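Colleague: Quick one: structure below, then a few questions.
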Amino acid sequence: MGTTAEQEEAARRAAIMAAIAALKIELVGVNTAIKYYEAILSILQNEDSSLAFIKKDLTTFVYDYVSSYDLKGDTPWGGNKKNSAVTDLMTAKAEKTLYISDTDSLSSNIDSAIETTNEKLTELYSKRDDLEDKIADLESQL
């Protein structure tokens, strides 16, 4: 059965191994979260993704489109100088403002999502480093 000292040493080692196992399980969760947030960041920043397209190309399109309105003659739904009413003119001006506002808001939201994701990744990287340090410290005690 062994001496009391051997039993105490075995119990100490078992407790350390249990703590290491728990930390490694937590580390798996952190690494999974890191992969998840890195994938989100990739989608947000990837030039080929639809979000980057919206932010870059659609913004350019909207600005070009609304600046092309002939607010004295044309309406976005096909009116012309002969039948353009004052209400059509006011609606076109309002739509121009709305399109630009919505596009700027969307672009700002994407930038905010990138910033928030980067902050979360920084937290997760720090937590991963702390867990790895704790595991290494415990393993050195075995």
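Each reported figure results from applying straightforward, stated rules to the coordinates on display, with no laboratory input. These numbers come from a predicted model, not from an experiment. Here the Cβ positions follow ideal geometry from the backbone for every residue, glycine too, while neighbour counts run over all protein chains shown.
Colleague: Which order do LYS127, LYS35 fall in if you start with the one that has the fewest other Cβ atoms within 10 Å? Mind showing how you got there, number by number?
Modeller: On the way: LYS127 16, LYS35 11.
Ascending Cβ contact count within 10 Å gives the list LYS35, LYS127.
Colleague: Further, regarding this structure: What ranking do TYR37, TYR125 get, fewest neighbouring Cβ atoms within 10 angstrom at the top? Show your work: numbers first, answer last.
Modeller: On the way: TYR37 20, TYR125 13.
Ranked by crowding around the Cβ, least crowded first: TYR125, TYR37.
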